[in-house]
Amino acid sequence: MDRDKGTELYDESSAVSKSAKAELDRQAFHLKTLYDVSKDIFGTVDCDAILKNFLLMITGNFGVIEGFILTQDVSSKEITHFVSVGFKDDERTLLSQGGTQLLKDWNRKETVLEGHTLEGLRVLPQTVASVLPFRVDETCTGLLGLGSKIVQEPYSNDDNNLLITLVNNLVISLTNARSFEDIKRLNQDLQEKNVQLEKALDGLDHHVYHLKTLYDVSKDIFGSVDFKTILKNFLLMTMGNFGVTEGFILTQDMPSAEITHFESLGCKETGLKALRKGAQKLLLHGHDGGLFENGAMLESPRELPSSVACALPFTVGSECLGLLAVGSKLVAEPYNEDDKELLVTLVNNLVISLTNARSFEDIKRLNQDLQEKNVQLEKALTELQAAMRKVELLESIKANLSKFVPTAVTRMIERSPTSDILDAKERDVSILFLDIEGYTKLSERLGVAELNDIIEKYFSVFMEAIYANNGDVNETAGDGLMVLFPSEDKTTNALNAVRAALTIREKANTINQEDGAFSETLVINMGINSGQALLGAAKFDSLTGSRWTYTARGMVTNLAARIGDLATGGEVLLSQSTAGRVKDHFSLRCLGKASLKNVSKEMEIFSV
């Protein structure tokens, strides 16, 4: 007996050992597969090569002769890469189309990528035994598909887990490859920008010098509002920055042709008269020839002495001409295009400064006028404040009265305060009657405050639905509303009424389902009728005075109220006229003919 027991223990130990060995072999196979595949896909940064190597390693390690892998652009839904082994040409087309459809369905169902394998899909050929969708990033998704194993064994949970791990490594490799491509592209852009930067740096020193010159000159000329001081400082700074020993600047009154200001530096006293005369002649010819409009700089103008290398005419306002003239540079270099551009910019700033100086004089004169008018303004302001107080009072009265006036009436009065638009006229309208079911019993069970809170909560939501659909509450009662939907188009007013009713029903159900909102829930019944009614203002006289109301009168209104009385259990009932207008837009159910109170003929009623 002891020998048998020992044999039994030995057999059990041997079985456990074999099971452990099989488990170790399986884990070793999985680790080797993971290593081999990862080594291949992380050894390259080309997406095509990564996908091809990955598919070959996967099919080889799992003993599969058919497989495919593809990637798809999320926004365009176009396949960006497709690799397959073992499939025929016609099957490749089915794989592409089926893979695209599968990814679309997978995205629509918002299935989480990691850890989900899909088997037995109808959109792919039957030879595909297992597929695994994956996401590379927000712009790219992919799909791996494998056929059956050669050993005719199904894919186990361990196989699926290994596939998920391998695909996760593939995603990392593809992400790295895409990042590498981005880096290459960015590097190319950087090289191009470096070339541009070098060109920009070459001219930077020159521009810095020009900017400093512009700053220094502008600081001096904008620091004063005296015409003579501005011209003198400008000439001094310009000549200093350009390295010039001779120069002059002048202004001339256009109507009289007289020189109003003249400043010179380095010019001989004996030659000043010739400078003035030549400048006047140049300004006359330049103005007639359009030089001032073009901002042209003249090199060695013949009207001036040969010592003048360049001259630049300008205008200040509509009645003042000017001329800047400078001699040659001390460095014996000609004025280049950059110098000319800087001179034009400096003169433009000078013009602004001179314009400001002239404006300052105008401002001083205007300031005196303003002081006189301030006295008049203070008097007018006092009168205006008194008028504003009256307006505020009227606006306050208007705001309070508008709470009791239908919105449609308010809009019509504001649009045409003095017209007769409120006169009753026959118009097509859809009318909705809303009623709270069991209101009387509800009033008996609830206190006044709680009942008021419930009514305000529900009716506030109803108002939003009514105004959103161009309706207007015409009358209110404790438990109901009368709502008008006027429109020039018959179908439109009926559609607005039905949409408002359906929204009210939906909102009421939402409030009813709120936990702990109220101790009681409401059932809202509604009836709608459409047709011609007398729409407008009605006046009622009595001993206590006159009262006006804006409403719709006639049989259309009466029938709408009677149809609303028929509704129970939250129904929305329609007359035949309303149903005929909206039947192509809503699903309606005919309830047959019904007798209405004080109506001689039975009417066909519809439910929506």
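The values are calculated or read from the model by the stated rules, or taken from the named source; none is laboratory data. Being a predicted model, the structure only gives us computed values, none of them experimental. So basically every Cβ, Gly included, is an ideal-geometry build from the backbone, and we count neighbours across all protein chains shown.
Tell me yes or no: at least one residue of the range 346-369 is among the hydroxyl-bearing types (Ser, Thr, Tyr), outside any strand (DSSP E or B) and surrounded by 16 or more Cβ atoms within 10 Å (Cβ to Cβ).
yes
In the range 42-56, which residues are under 11 Å from residue 177 (Cβ atoms) and either assigned to a helix (DSSP H, G or I) or of a type in the set (Asp, Glu) (or both)?
Across the range 42-56, the qualifying residues are 46, 47, 48, 49, 50, 51.
Can you tell me which of 59, 33, 100, 93 is hydroxyl-bearing (Ser, Thr, Tyr), modelled with pLDDT of 90 or more and part of a helix (DSSP H, G or I)?
Among 59, 33, 100, 93, only 59 is hydroxyl-bearing (Ser, Thr, Tyr), modelled with pLDDT of 90 or more and part of a helix (DSSP H, G or I).
Buried (at least 18 other Cβ atoms within 10 Å of the Cβ) and either modelled with pLDDT of 90 or more or part of a helix (DSSP H, G or I) (or both): is that true of residue 235 in this structure?
Against the criterion (buried (at least 18 other Cβ atoms within 10 Å of the Cβ) and either modelled with pLDDT of 90 or more or part of a helix (DSSP H, G or I) (or both)), residue 235 qualifies.
Since residue 309 meets every condition but one in (1) in a strand (DSSP E or B); (2) under 26 Å from residue 258 (Cβ atoms), which condition does it not meet?
(2)
So for the range 145-157 (the condition being buried (at least 18 other Cβ atoms within 10 Å of the Cβ), part of a helix (DSSP H, G or I), modelled with pLDDT under 90 and outside the structural domain of residue 353 (by TED's automatic domain parsing)), does at least one residue qualify?
No, because not a single residue in the range 145-157 is buried (at least 18 other Cβ atoms within 10 Å of the Cβ), part of a helix (DSSP H, G or I), modelled with pLDDT under 90 and outside the structural domain of residue 353 (by TED's automatic domain parsing).
Take the residues of the range 272-299 that are surrounded by 18 or more Cβ atoms within 10 Å (Cβ to Cβ) and not in a helix (DSSP H, G or I): which is modelled with the lowest pLDDT?
The qualifying residue modelled with the lowest pLDDT is 297.
Looking at (1) assigned to a helix (DSSP H, G or I); (2) over 26 Å from residue 93 (Cα atoms), which one does residue 164 not meet, given that it meets all the others?
(2)
Being at pLDDT 90 or above, surrounded by fewer than 17 Cβ atoms within 10 Å (Cβ to Cβ) and either within 56 Å of the chain's Cα centre (by Cα) or among the acidic types (Asp, Glu) (or both) is the filter here, so list the residues in the range 241-266 that pass it.
Matches in the range 241-266: 243, 253, 258.
Return the only residue of 183, 230 being assigned to a helix (DSSP H, G or I), among the β-branched types (Val, Ile, Thr) and more than 30 Å from residue 337 (Cα to Cα).
183
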